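Structure first, commentary second.
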Amino acid sequence: MAKKLDGKVAIITGGNSGIGASTAHRFAQEGARVILMARRAGEGKAVEQAIRDGGGEASFIACDVGDEGSVTAAVDQAAQTYGAVHLLFNNAGGGAGSHFPDEPTDEWNRVIGVNLTGTFLVSRAVWPHLVEAGGGAVVNMSSLAAQRGFSPRMLEEFGATSSSYYAAKAGVDALTRYMAGVGGLHNIRVNCVRPGQIITPGATGGTFDDPDGGHHVFEKMFNHAQIVKGPGLPEDVANLVLFLSCDDSRFITGEIINIDGGVAAKI
């Protein structure tokens, strides 16, 4: 039986852990040849090997998505590795701990750089390869932070990541809509996912199966705000990214889809 991504080559940024690694495994299971791009080579190589051990095809390429030269070199190498690029998941990103108005300028620039500028740089570098392939699909990584506000009490009880992260992810939403419009000229679909409380090492320091690993960081939030019980897992997001990357979603573009357990309070 044909797999959903047979014959496709996919680039996944931030593919060395969490949602990116889960998506890489899911794509490989569906027949894609996967290019993992990330800064931490040890973790990236481990994911590469795990996919190969499972019978899939994967290659790790070191890349700092916030650095234009690094992105250009990595995408060129990716295209040469398998001869084409059909899919892109702009997953790399991260927040910070400071709050407005005390967030330092260097922190603001760093977070905007990896989340928003990084999405732009990688998409721009990959775009000609998607056009040459006759079309493809791009999925950008946003966050509930792009849509959710908070009251003073919510900030006190649940906390919030940096103002730069909120702004960067809102920018990714807008960039997605823009890219989708341009993509319509070339059979390139562009969509975006907005995860809520997802248990990943980057977000919590642990996993859902490890009660000491940090999922309690989100526990107050997901018990208070979500309709669906409990936090989400990287595999939940990976399944959505797969759907948006394959022909099952051929008539969907320019959409930003929440995957947050039904957080009831959104501004």
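The values are calculated or read from the model by the stated rules, or taken from the named source; none is laboratory data. Note that the coordinates shown come from a computational prediction; the quantities given were computed from them, not determined experimentally. Please note: Cβ atoms are built from the backbone with ideal geometry, for glycine as well, and neighbour counts cover all protein chains shown.
Here are some notes:
- Pairs with Cβ under 6 Å, 6+ apart, first in segment 158-172 and more than 12 Å from residue 118 (Cα to Cα), second assigned to a loop (DSSP other than H, G, I, E, B) and β-branched (Val, Ile, Thr): none
- Options 126, 138, 111: the member that is in a strand (DSSP E or B) and either of a type in the set (A, V, I, L, M) or in contact (Cβ under 8 Å) with a residue 60 or more places away in the chain (or both): 138
- Inside segment 232-267, residues that are under 18 Å from residue 31 (Cβ atoms), of a type outside the set (A, V, I, L, M, F, W, C) and outside any helix (DSSP H, G or I) make up a count of 1.
- Selection from segment 141-189 of residues that are farther than 24 Å from residue 78 by Cβ, part of a helix (DSSP H, G or I) and among the aromatic types (Phe, Trp, Tyr): 158, 165, 166
- For residue 224, the test of being modelled with pLDDT under 60, over 14 Å from the mean Cα position of the chain (by Cα) and surrounded by fewer than 17 Cβ atoms within 10 Å (Cβ to Cβ) is failed.
- The residues listed here are 54, 66, 20; of these, the one that is of a type in the set (Gly, Ala, Ser) and either over 25 Å from residue 145 (Cα atoms) or over 16 Å from the mean Cα position of the chain (by Cα) (or both) is 54.
- Residue count for segment 51-66 satisfying the condition of being crowded, with 17+ Cβ neighbours inside 10 Å, free of Cβ contacts under 8 Å to residues at least 40 places away in the same chain and assigned to a loop (DSSP other than H, G, I, E, B): 2.
- Taken over segment 1-47, the residue count meeting the criterion of being over 15 Å from residue 237 (Cα atoms), part of a strand (DSSP E or B) and among the polar types (S, T, N, Q) is 0.
- Residues that are of a type in the set (S, T, N, Q), farther than 28 Å from residue 86 by Cβ and at pLDDT 95 or above, drawn from segment 164-215: 164
- Residue match in segment 110-117 (condition: closer than 27 Å to residue 252 by Cα, of a type outside the set (A, V, I, L, M) and modelled with pLDDT of 95 or more): yes
- With respect to being of a type outside the set (A, V, I, L, M, F, W, C), within 22 Å of residue 249 (Cα to Cα) and surrounded by 15 or more Cβ atoms within 10 Å (Cβ to Cβ), residue 48 falls outside the description.
Each row is one residue, and each column tells you yes or no for (1) aromatic (Phe, Trp, Tyr); (2) more than 26 Å from residue 48 (Cβ to Cβ); (3) not in a helix (DSSP H, G or I).
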position: 71; (1), (2), (3): no, no, no
position: 81; (1), (2), (3): no, no, no
position: 89; (1), (2), (3): yes, no, yes
position: 100; (1), (2), (3): yes, yes, yes
